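Novice: This structure is in structure tokens; I'll ask about it shortly.
Derivation of every value follows stated rules applied to the coordinates shown; laboratory data play no part. Everything numeric here is computed off the predicted structure, so don't read it as measured data. Cβ coordinates were reconstructed from backbone atoms using ideal geometry, including for glycine residues, and neighbour counts include every protein chain displayed.
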Amino acid sequence: MADTIYDLSQLEELAGGDEDFINSMVSTFLEHTPNQLEELKKARQDGDLPTMGKIAHKIKPNIDMFGLTDITDTIRELEQMGKNEEDKPEIKDKIQQVDKVLQEAFDQLKAR
Amino acid sequence: MKLLKIFVVEDDKLYAKGVEHHLQLNSDNDVSVYPTGRACLGELYKEPDLIFLDYSLPDLSGIEVLRAIQNSKLSPPVVIVSGQEDVSTAVKLLKEGAYDYIVKDENARERMWNAANNVRENAKLRTELEQLRQELNYKYDFSNIKGRSEVLQKVFKLVEKAARTNITVSITGETGTGKELVAKAIHYNSGKSARPMVTVNMTAIPAELMESELFGHEKGAFTGAQARRVGKFEEAHESTLFLDEIADLDLSLQAKLLRVLQEKEVTRLGSNRPVPAAPRIIVATHKNLAEEVKQGRFREDLYYRLLGLPIELPPLRERGDDILLLAQYFLDAFAEENQLQGLKLSQEAREKLRHYRWPGNVRELRAVIELSAVLCSGEQIEASDISFPASGDDWGDLWAQNLTLRDYTRKIIQHYLDRYNQNVVRVAEKLDVGKSTIYRMIKNKELTLK
């Protein structure tokens, strides 16, 4: 499908034609990732960088699975900054970018 | 082939789902997912064959769970799955005894798939190695079937012929005549000897479980089917399946067995997908299968499908001096096992063995000889050291044989003749029958004097 921010080709390959499995994975993604995103933002607000890094670490494989290539590097950078407790000003921008892409992905996936 | 029981310990529901789906593409994997370390540790009694363990769990650290698993009874291989591409962590975990370390990247699922295949292959090799070790303790060459009698030489020739091809073999013979030994001799001298022979005894498994035992089932196929199970037919694919006491197979399953034999594939209970199952078949029974067909207890079409090369094993009492040869063989083996000096049989002991009817055949002979070796004092076994089991004849199941009165009479008199050293006068007195009756029956060859 054109103009989507996500790419389900990796998921489709895994599903091997099992459409129910794809739908179930999309539902799980829509159910869990918004909470993880909120936790990520809150950890940043609280200045809890190690927790921010751990949440970024958890979200990372799912971002890869849904082909959200706009933020695959960004989420890794956040993970690394959290792990190293590097309180850099660009963290805020990076989280905003992750937030924006994920929100758009949620909307598009709900409408698919 | 046993199902590989895999635990996936992963708190990210989405990732866990993806892994579970991927691993279950192989129907020989039985995958369970646990969201915490404690949940996994609480289920270790289910004896998983492999555990994929996420390094970052909400309750316990990866290393704590790894150590707890290693301290468990079976200590299955643990593959750490982590999002961190951190070499020092990986090295540390491998040193702690982790089976492998997989990074959650685009190749992770493929590597998990390969890890499961490796563990399965290793488990299979270990099982086969163990079975082959056991087989080596007891070589199944033809010389293992002891005996020089003419009737047994005929059997040897058939066994050799059977081993050269994949023809179905049906072995008949009384209990204890060595049907399984002959089946193994055929298998381990055939082109299929690289894999272990798979044996199913039709009388050892309840009828309601036999279908699943032979053909396998899927998880949830019936109440109590908690996991997928591979049936013996599938397990014996490209090997030999030995169906012992085939006459006792339930009639309803006989039709399914026939279909599997014809189509060379099997469909597990609860599945629609047939899988190849074309083992070489050897069947055995102590019953007369043709008679079972006549009585309507065995399907005629299956009978002809299974008949193949028939091999009839002679009862021990018809093998002449094989009795003494086997007796000395068992005696030597027992002496060696128990570090005893070479034991010999006295002339009277040999006569006693020769004149007994051996309803339990070679199996009974072995038991009698081993007992006599224990009871004897000195290096020679006397007749008095030899005692036969209380039901050491076919007396116990006599009533189940549905004989005519004449046949019962014949059996009873023959039994007493054997017991009283063929002394017709004494037997006539004991049974209160006329001597002339016994002599007439001997003349008519209804009774035999030895």
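Novice: Report, largest value first, the span of the C-alpha coordinates of chain A along each principal axis, in whole Å.
Specialist: 44, 22, 21 Å, listed from the longest principal axis down.
Novice: Which of these, A:F66, A:F29, A:F21, has the largest mean-square fluctuation under a Gaussian network model of chain A (Cα springs below 10 Å)?
Specialist: Answer for the Gaussian network model of chain A: A:F21.
Novice: Ignoring solvent entirely, what values of log10 I(q)/I(0) come out of the Debye formula for chain B at 0.06, 0.11 Å⁻¹ when each Cα is a single scatterer?
Specialist: -0.41, -1.00
Novice: A further question follows. Can you count the Lys pairs in the stretch B:164-296 whose Cα atoms are under 28 Å apart, with each pair 8 or more apart or on different chains?
Specialist: Here the count comes out as 26.
Novice: Let me confirm one metric for peptide A:7-20, namely the mean number of other chain beta-carbon atoms within 10 Å of its residues' beta-carbons.
Specialist: The mean count of partner-chain Cβ atoms within 10 Å per residue comes to 2.
Novice: Calculated from DSSP H runs of 4 or more alone, at -39500 (n - 2.57) each and per residue, what is the 222 nm mean residue ellipticity of chain B, nearest 500?
Specialist: Value at 222 nm, helices only: -13500 deg cm²/dmol.
Novice: Springs between alpha-carbon atoms under 10 Å, Gaussian network over chain B: tell me which of B:F222, B:F156, B:F233 tops the mean-square fluctuations.
Specialist: B:F222
Novice: In addition: Inside 10 Å of the C-beta atoms of B:4-16, what's the mean count of C-beta atoms belonging to other chains?
Specialist: Partner-chain Cβ atoms within 10 Å, mean over residues of B:4-16: 3.
Novice: Relative contact order for chain B: what is it in percent, counting Cα pairs under 8 Å that are at least 6 residues apart?
Specialist: 12
Novice: Another question, if that's okay. Could you pull out every whole DSSP H run in chain B that spans at least 20 Å of Cα extent along its own axis and averages -1.0 or higher on the Kyte-Doolittle scale?
Specialist: For chain B, where a helix must reach 20 Å along its axis and average at least -1.0, the hits are B:150-164, B:322-337, B:361-375.
Novice: Let me ask something else about it. From other protein chains only, count the Cβ atoms within 10 Å of every residue's Cβ in B:52-61, then give the mean.
Specialist: 1
Novice: Let me ask something additional. Write down the Kirkwood hydrodynamic radius of the protein assembly as shown, to one decimal in angstroms, obtained as one divided by the mean of 1/r over all alpha carbon pairs.
Specialist: With all distinct Cα pairs of the protein assembly as shown included, I get 29.5 Å.
Novice: Evaluate 2.2 N^0.38 Å with N set to the residue count of the stretch B:177-257, then give the Cα radius of gyration divided by it.
Specialist: The reported ratio for this selection is 1.19.
Novice: Rounded, prolate or oblate: which one fits the stretch B:144-312, using the alpha carbon gyration tensor with axes a ≥ b ≥ c (rounded when a/c is under 1.5, else prolate when a/b beats b/c, else oblate)?
Specialist: Prolate, since a/c reaches 1.5 and a/b exceeds b/c.
Novice: Mean-square fluctuation check for chain A, GNM, Cα pairs under 10 Å: which of A:P89, A:P34, A:P50 is largest?
Specialist: Per the Cα network of chain A with a 10 Å cutoff, A:P89 tops the list.
Novice: Counting pairs of alpha carbon atoms under 8 Å apart in space and at least six apart in sequence, what relative contact order in percent does the stretch B:2-68 give?
Specialist: 40
Novice: Right, here's the next one. Over the Cα atoms of the stretch B:4-131, how large are the radius of gyration and the largest Cα-Cα distance (Dmax), in Å?
Specialist: 13.7, 43
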